[in-house]
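The structure under discussion appears below in the form of structure tokens.
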Amino acid sequence: MNSNVTVLDEVPATEQRWLVRKLHDETVGGLLLLTAAVIAVVWANSAWASSYESLTHFVIGPESLHLNLTLTAWASDFLLAIFFYVVGCELKHEFAVGSLSNPRLAAVPIGAALGGMVVAASIFLAFNHGTPAQSAWGLPISTDVAFSLAVLAIAGQRLPIALRSFLLTLAVVNDMGAILVIAIFYSHGFYLNWFLIAIALLGIFGFLQRRANTSSLIFIPLALVIWYAMFRSGIHATIAGVAMGLLMRVQILGDEKVAPCERADERWRPISAGLCVPVFALFASGVSVIGISLSESLTSPFTLGVLGGLVIGQPVGVTLGAFIVARFTRGSLNPDLSWWDVVVVGSLASVGFTVALLITEVTFASDPDSLAAGKFSIVFNLLAAIIVSVIAITVRSVFIGRYPDET
């Protein structure tokens with residue numbers, strides 16, 4: 001890597017349409033996600049707490065197909081599969097034609113994301129090594145970009161397009177890391193026959209993607225069968241969504257005006273951000289604090305590990321990772337920005353929620369006490385991360401100045 005790279009450079013005009021749409025949908029989705037989480041917490045601690053408990057544990061689905069699941073399980077296994085399908089489409093776009101398609105330009109956000117994940121997981125394990133909670137080490141590694149953008153909207157601040165692009169790219173790499181962690185470390189059992197069926201069907205899905213103008217009447221039923229086969233294989237069913245997203249075609253064929261990957265993103269991202277993730281948050285984030293000792297909960301190794309991993313580990317890891325890779329690639333910072341802007345992005349990376357809740361649900365499905373402790377730590381961290389992010393943005397504005405594109 002001999003050529004210089006400009007870190008946090010301007011976003012190419014060809015990418016701005018894709019980026020602006022993602023920013024809008026994710027910001028709206030983040031506000032809905034925040035609303036759903038607040039409703040869940042209030043409901044779980046109200047006089048109607050029993051109705052919330054009954055709703056989240058209500059079982060529906062055919063037992064003959066092993067699909068007699070609680071509504072919470074449907075939300076985490078099925079609705080989040082749609083969320084991860086959108087993530088897969090985003091990954092495919094970024095690796096094929098986006099910010100990760102150029103290895104030199106991709107090195108900095110990848111290094112920043114890896115730095116954040118490694119430092120965050122290390123801090124969590126430092127607090128919880130040797131305890132049953134250590135199995136949840138994957139909890140603090142992922143960034144919730146929807147919540148991060150919602151924080152910006154609520155705080156009334158506006159990051160330049162280059163920084164917002166960096167945050168989104170960072171979140172994409174984080175999601176990829178979280179996907180691998182879930183697939184490898186958080187699967188329950190493994191059934192080879194069902195896995196081979198899922199792989200074969202994914203091969204058919206990928207083959208059909210090479211054709212132009214393939215109807216949704218074919219893809220949607222095929223996608224449902226792929227999801228079911230992955231569900232029965234023992235690997236978390238959301239991996240099916242990621243795999244299908246990665247198989248989407250980004251090239252335009254024949255008389256197509258939009259590539260299938262971009263068309264799928266336009267169609268499913270609003271559904272994912274506006275429905276699937278908020279509904280999951282409604283079912284998964286309701287934690288009761290009635291009858292528990294807040295002082296003990298706040299000082300438990302689990303909570304301290306989550307707080308340390310996300311609120312401290314992510315900003316430190318993101319900034320160090322970006323700085324080290326930039327120096328290795330002889331990179332220079334965009335002259336309109338400062339390294340404190342990378343710290344701001346790192347603080348926003350500490351806002352972890354959706355994937356953290358998913359890992360908690362998967363890890364402690366049979367341990368109600370640990371599950372409640374995990375949810376409490378995630379909700380509390382959310383509040384702490386929002387405060388830290390707002391402080392970081394405010395410090396930047398006060399001591400360094402306004403961003404160049406602010407009016």
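The numbers here are math on the coordinates, done by the rules we state, and not lab data. Note that the structure is a prediction, hence the values are computed from the model and not measured. Every residue, glycine among them, receives a Cβ derived from its backbone with ideal geometry; neighbour counts consider all protein chains shown.
Here region 82-236 is treated with +1 on each Lys and Arg Cβ and -1 on each Asp and Glu Cβ, and its dipole about the Cα centre works out to around 300 debye. Annotation for Phe207 and Arg104: the two label points, set 7 Å from Cα along the Cα-Cβ direction, are 4.1 nm apart.
Sorting 239-248, 32-41 by average packing, meaning the other beta carbons within 10 Å per residue, from highest down gives 239-248, 32-41.
Around the amide H of Asp144, modelled in the peptide plane, lie the amide H atoms of Val351, Gly352, Phe353, all under 5 Å away and 5 or more residues distant in sequence or on another chain. Only one of (i) 23; (ii) 51; (iii) 45 was calculated from the structure for percent of Cα pairs over 36 Å apart, and its label is (i). Contact order for the chain, expressed relative to its length and based on alpha carbon pairs under 8 Å spaced 6+ residues apart, stands at 31 percent. Under the convention that each Lys and Arg Cβ holds +1 and each Asp and Glu Cβ holds -1, the size of the dipole of the chain around its Cα centre is about 660 debye.
Loop-located GluC sites (Glu not before Pro) across region 240-321 with a Cβ neighbour count of 14 or fewer within 10 Å are Glu256, with loop assigned by DSSP.
Could you check which residue among Leu105, Leu65, Leu149 shows the biggest mean-square fluctuation in a GNM of the chain with a 10 Å Cα cutoff? Of the options given, Leu65 has the highest mean-square fluctuation. Packing around the peptides 343-356, 89-102, taken as the average count of other Cβ atoms within 10 Å per residue, puts them in this order, highest first: 343-356, 89-102.
Paramagnetic label reach from Leu65 (point 7 Å along Cα→Cβ; backbone nitrogen cut-off under 11 Å): within region 219-235, residues 224-229.
Region 225-302 and region 356-383 have Cα centres separated by 17 Å.
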